[in-house]
1. Within segment A:256-284, find all residues whose amide N lies under 12 Å from a label point positioned 7 Å from the Cα of residue A:317 along Cα-to-beta-carbon.
2. Net charge near residue B:206, counting Lys/Arg +1 and Asp/Glu -1 over other residues with Cβ under 9 Å of its Cβ?
3. Computed FRET efficiency, Cβ-Cβ of residue A:385 and residue B:238, R0 41 Å: what is it to the nearest 0.05?
4. Summarise the partner chain shielding of A:362-374 as one whole number: the mean count of Cβ atoms from other chains within 10 Å of each residue's Cβ.
5. For the pair residue A:189 and residue A:241, what calculated FRET efficiency results from E = 1/(1 + (r/R0)^6), where r is the Cβ-Cβ distance and R0 = 22 Å, to the nearest 0.05?
6. Say each of residue A:106 and residue A:253 gets a label point 7 Å from the Cα, pointing the same way as Cα to Cβ; how far apart are those two points in nm?
7. For residue A:86 paired with residue A:18, estimate the spin-label separation in nm (one decimal), with each label point 7 Å from Cα along the Cα-to-Cβ line.
8. Based on the mean of other Cβ atoms within 10 Å per residue, sort peptides A:312-320, B:260-268, A:350-358 so the most packed one is first.
Amino acid sequence: MIIFFKKKYYIIIIINLFILLSFSNAFCKDYTYININNPFIKKIPVAIPDFKNRTSKEYKIDYGEKARQILVNGLSFTGYIKTINKGAYIYMPSKTGITKQEINFKNWTIIGAEFLITGVITEIKDNIKIELRLFDTFKENFILGKIYTGAKSDIRIMVHRFCSEISYYLTGEKGIFNSKLVFISTVKKNKEIFISDFDGYNPKQITHHKSITLSPSWSSDGQFVAYTSYVKGNPDIYIQNLKKQKISRIGFKGVNITPDWVPNKLVLAACLSYSGDHEIYLLTIKGKIIKRITNNWGIDISPEFSPDGKKIAFVSKRSGTPQIYIKDLDTNQVKRITFNGNYNTSPAWSLDGNRLAYIGVGKAHNNIYVIGTDGSQCIQLTNNAGNNEDPAWSSDSNLITFTSTREGVSRIYVMTASGDEQRCLLKLEGSQTDPEWSLVNANN
Amino acid sequence: MNSLYSLISRGFLAINNGYKNKHNLFLYVISLFLHIFFFLGLFFIQNFNSAKIFPQAISVNLGSLVSNFKEEINISQPNSVKKSINSPKLSKTNKIKTKANLQKKQKQLKKLKSIKKKSYKSSNVAINAKKKQVKKNKTDALNNVLARLKKQVEKNKSKKSSIAKTSSNASPSANTTYGYGSNKTGKISHKINLYNLKIISQINQNWAFNERVAGTNKNLEAIIGIKILKNGQIRNIQFEKNSGNKYFDNSVFKAVKKSNPLPELPKGYPFYKVALRFTPYGLK
């Protein structure tokens, strides 16, 4: 009998459950569906309050503020993070606490911050210790934290490592923080090659040819830069080993211009004219011709390999006007990509492999366009701002660097891949052209 | 379920054994009642929802605002007035009466005409006068009947609405449970449409989404169900559907959280349940 009663209770419970379920069904029914499809904010809002300085105030330079500035500037190079202005913060963790237990996340969600980064600086004589923490303000989570110790002069490297960590957390890619920028700048009316950090900081001159130098190109490992120079009167290709300071020359008869490295190989493509016609050839690092890539009566110039190395984009005059073509190196099929405008040149392949940036030469100004590698979705990124040329992608395909004459002298600019936030990268004496970011070295 | 079967079988056994175990039979009857209650519950409980003033599914499109409003108002006009005209029996009898009256009058007319044709061929003037009189009579009678009908209809209507108000939950199937006239529901749906637009703009403004971070997948869709209280506070944030993209789901969840509190609900709403369907197709 006892068992029997128990069963009865079971049944009552089951029936009650069914009734509850039918109730819940009834409530589900009266949802009103609303479509929301237009996010106003295109970047992730992040709050970075003042860093806490654990050291006494004898030190004159506030490394806390310095590190914070480096972090804010660094994150702006992701193209998808925006630091909320400090004036909006209603709370200063630098005065109280910076760990999860000490933070009231409502103070940050209320100003719209989706992430919070806190920092602590400890100065130990010439060295510096930086603790950085990333929090998700809505989930009230501690995401990642790092402690960096090093010389005070390495503060940029340390903070940029943390930027890489954030980028890796959000996108699975390390970002451009380890990459270098190569560009041409005029020095005493000569054009020489410079290398700087990814953000234009710390530029260094690496060539002293006292001549015209053009179109530098990074090798995938970041050890070699190939470029064209007129040192010996004729445009020849030079390959410079940055570590060993060695320079080798490739000088066939006629022009030797626009070198581009094959991804992950020490092989490069370039335009040579020794046969009487401008054609693209594949060359070893020592200047031996491996094979001829294009074979057409029109001028073929400016080779640019796809990131997987299986295709090559180039400019050709075979249809009468200079246009951009893509050749599949396996099937040898050639496809014309650009059809708008009479003069399109200087293709740059995005590192995700989906898009090409190029220059559209117009009647009044030259502008930068982006087009899908199938020839679809052509977008003009610059407009009414002088001549804009020499586009090159960042290694995460989020940014494009280019040169512009919008302020008179040609300078290097950066914008996002959708053309937003165009800003000048660096201001040096003379004019700057031909910027290109190196690929991130996997070992770094 | 096994226990349920065993209970039923025990009940049958009890019957077969000639009501030996009265206790078992008693339990069997209870279970029967519970079953009936359960199935009735399945049928009717869904209609007990008194807060169902607003229409069930609104898809608000920013592009075609005006046309949507018109549609809503048209849809929300209940056809209770039409029904009440058709339903009362009194009006039917009246109609029959009027028909009968009309037929009589027509017969009289025909008679008159035949008489006229036979006897008063020459005096056309007199005939015309008579015709006019007949017409007048006819229209008067019609008008009277119409007026009477209208009065009765109004009476019925007032009776019906009073019934509806008193027993609003009793009749589950009828539209009259709402107890609102056509204009009122129209206004309410208009109000809630405006409110929906407010929600859309507020959440859009708080929604931070970057396509690069999400990856290149463009077919992202997430649905979040929320309950909005009278003062605009958001409660019960639940994912009805995940997009599968972690970043997208997070961004959407944060957008809802940031939008708390939403504007106050229009008057007459104790709460409001909304399913927000997020799709970032406006991006490039």
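1. Within reach of a label on residue A:317: A:277-279.
2. Every neighbour counted, the sum reads +3.
3. Given R0 = 41 Å and the Cβ-Cβ separation, E is 0.30.
4. Mean number of neighbouring Cβ atoms from other chains: 0.
5. 0.20
6. 8.3
7. Once both label points are built, they end up 6.7 nm from each other.
8. Result, highest mean first: A:350-358, A:312-320, B:260-268.
Quick note: the coordinates plus some simple rules give every number you see, no bench work behind them. These figures come from a predicted structure and were not determined experimentally. Quick reminder, even Gly has a Cβ in these numbers, built from the backbone with ideal geometry, and neighbours come from all protein chains shown.
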